[in-house]
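Read through the structure below, which is laid out as structure tokens, and then see the notes.
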Amino acid sequence: MKNKAKIDCVERESRTNETAPSVAAESVSVGKRQGLFEERPLPPNEISPRVLRYRTRRDFLLFGAGAMAALAGGGFLLPQDTLRRMGVRRTVDSPAKDWFLNRALRIDDDVAEALYSRNRRVPTYAKSQITPLKNNYSGATPDPGYISGWNLTIDGLDSGLSISLDIRSLMTRFSVQEQITRLVCVEGWSAIAWWAGLRFDDLLRAYPPMSQAKWARVESSVNLNESGNPDPYFMSIDLGTARHPQTLLATHFNGQPLTAEHGAPLRLLVPVKLGLKNVKAITRITYSSEEPRDYWAERGYSHYDGI
């Protein structure tokens with residue numbers, strides 16, 4: 001009996017020792033702590049097919065209703081001609097539409113003006129990166145005959161005088177600067193071109209505007225409309241932008257004197273502004289304390305036109 005009891009005791013002890021490692025391993029696995037930033041598994045989310053079909057149908061209807069509401073709410077912003085092509089015959093022009101669009105333009109102007117800095121320059125490029133620049137005159141291209149009798153008149157000077165300069169006077173008095181920059185058009189295209197001319201800032205230093213001046217009206221009296229009739233072009237530019245180191249009164253394009261197509265003999269080049277500010281064939285600059293009229297702003301475009 002003693003031997004049998006001893007054998008039973010040994011067998012129980014043996015079985016106890018065999019199961020001990022697995023118990024210890026299991027307790028360690030359960031007790032392992034998860035790190036603070038360790039990703040935790042997502043709990044399963046089971047949805048019955050009936051509920052899923054209902055939610056899918058509801059989301060589709062809500063999306064469709066939202067899209068229709070956006071079209072109906074934003075449709076009034078489209079031009080009347082565009083709406084007519086879409087089959088909408090009702091006139092949706094209203095003071096609210098004009099106010100909304102003008103407000104959006106004003107916000108865009110404010111942001112561009114707030115970001116302006118004389119120390120922020122637009123990118124410059126190598127000659128190998130030059131791209132074709134089309135003649136994008138606002139209207140018909142003037143006959144080159146005006147070039148021989150061309151003069152630049154400057155008004156609003158601190159001296160109280162009005163002066164007139166020909167292209168030879170400008171070329172001999174001021175140093176020529178070159179730059180290869182991108183011209184960005186409001187129509188959605190751009191081109192990289194090689195320009196040369198005098199800095200607008202150098203002209204301002206040589207012929208200072210009156211002390212209270214903040215703006216310049218830049219105009220071309222030789223501009224024509226699409227029918228070839230006189231259509232003077234005028235544009236406003238703040239003097240801060242005029243003094244930007246990359247703002248030129250350009251005299252050359254791609255190493256050659258400007259042609260009539262590109263605004264001979266003198267055109268404004270403002271790389272920090274859209275192309276509509278880059279007046280061709282400048283004939284007059286007038287400084288003023290109040291913002292002057294602007295050709296495209298009077299036709300619904302922005303005033304500042306910064307990029």
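Might you let me know whether region 240-253 holds any residue that is open to solvent by 30 Å² or more (accessible area, probe 1.4 Å), more than 24 Å from residue 159 (Cα to Cα) and in contact (Cβ under 8 Å) with a residue 60 or more places away in the chain? Yes, region 240-253 has at least one match. Name the single residue, out of those in region 262-282 being of a type outside the set (A, V, I, L, M) and touching a helix residue (DSSP H, G or I) at 6+ places or on another chain (Cβ under 9 Å), that is farthest from residue 241 (Cα to Cα). Selected residue: 265. Applying the set (1) surrounded by 14 or more Cβ atoms within 10 Å (Cβ to Cβ); (2) modelled with pLDDT under 95 to residue 204 leaves exactly one unmet item: (2). When you scan region 259-266, do you find a residue that is out of contact with any Lys or Arg (no Cβ under 6 Å at 6 or more places or on another chain), at pLDDT 95 or above and open to solvent by 30 Å² or more (accessible area, probe 1.4 Å), even just one? Within region 259-266, one or more residues are out of contact with any Lys or Arg (no Cβ under 6 Å at 6 or more places or on another chain), at pLDDT 95 or above and open to solvent by 30 Å² or more (accessible area, probe 1.4 Å).
Applying the condition of being of a type in the set (A, V, I, L, M, F, W, C) and open to solvent by 20 Å² or more (accessible area, probe 1.4 Å) to region 186-201 and asking which residue is modelled with the lowest pLDDT yields 186. Within region 281-307, the set of residues being open to solvent by 30 Å² or more (accessible area, probe 1.4 Å) and not hydroxyl-bearing (Ser, Thr, Tyr) comprises 284, 290, 291, 293, 296, 298, 299, 300, 303, 307.
For region 200-237, residues that are without any contact (Cβ under 8 Å) to a residue 60 or more places away in the chain and under 26 Å from the mean Cα position of the chain (by Cα) total 2.
For first residues located in region 279-300 and at positive phi, partners that are open to solvent by 20 Å² or more (accessible area, probe 1.4 Å) and assigned to a loop (DSSP other than H, G, I, E, B) and lie 6+ apart or on another chain with Cβ distances below 9 Å form the pairs 281/221; 281/222. Taken together, the residues in region 145-175 that are assigned to a loop (DSSP other than H, G, I, E, B) and open to solvent by 70 Å² or more (accessible area, probe 1.4 Å) amount to 4. Of all residues in region 89-147, those satisfying the criterion of being at pLDDT below 75, of a type in the set (Asp, Glu) and closer than 24 Å to residue 267 by Cβ are 109, 113.
Among the residues in region 126-143, are any in contact with a Gly (Cβ under 8 Å, 6 or more places away or on another chain), open to solvent by 50 Å² or more (accessible area, probe 1.4 Å) and touching a residue at least 60 places away in the same chain (Cβ under 8 Å)? For region 126-143, residues in contact with a Gly (Cβ under 8 Å, 6 or more places away or on another chain), open to solvent by 50 Å² or more (accessible area, probe 1.4 Å) and touching a residue at least 60 places away in the same chain (Cβ under 8 Å): present.
The values are calculated or read from the model by the stated rules, or taken from the named source; none is laboratory data. All values derive from a computational prediction rather than experimental measurement. Methodologically, a virtual Cβ is constructed for each residue, glycine included, from the backbone with ideal geometry; neighbour enumeration extends over all protein chains shown. The protein model used for the area step is the full one, side chains on, heavy atoms only, and it has no ligands, DNA or RNA in it. Shrake-Rupley method; radii C 1.70, N 1.55, O 1.52, S 1.80 Å.
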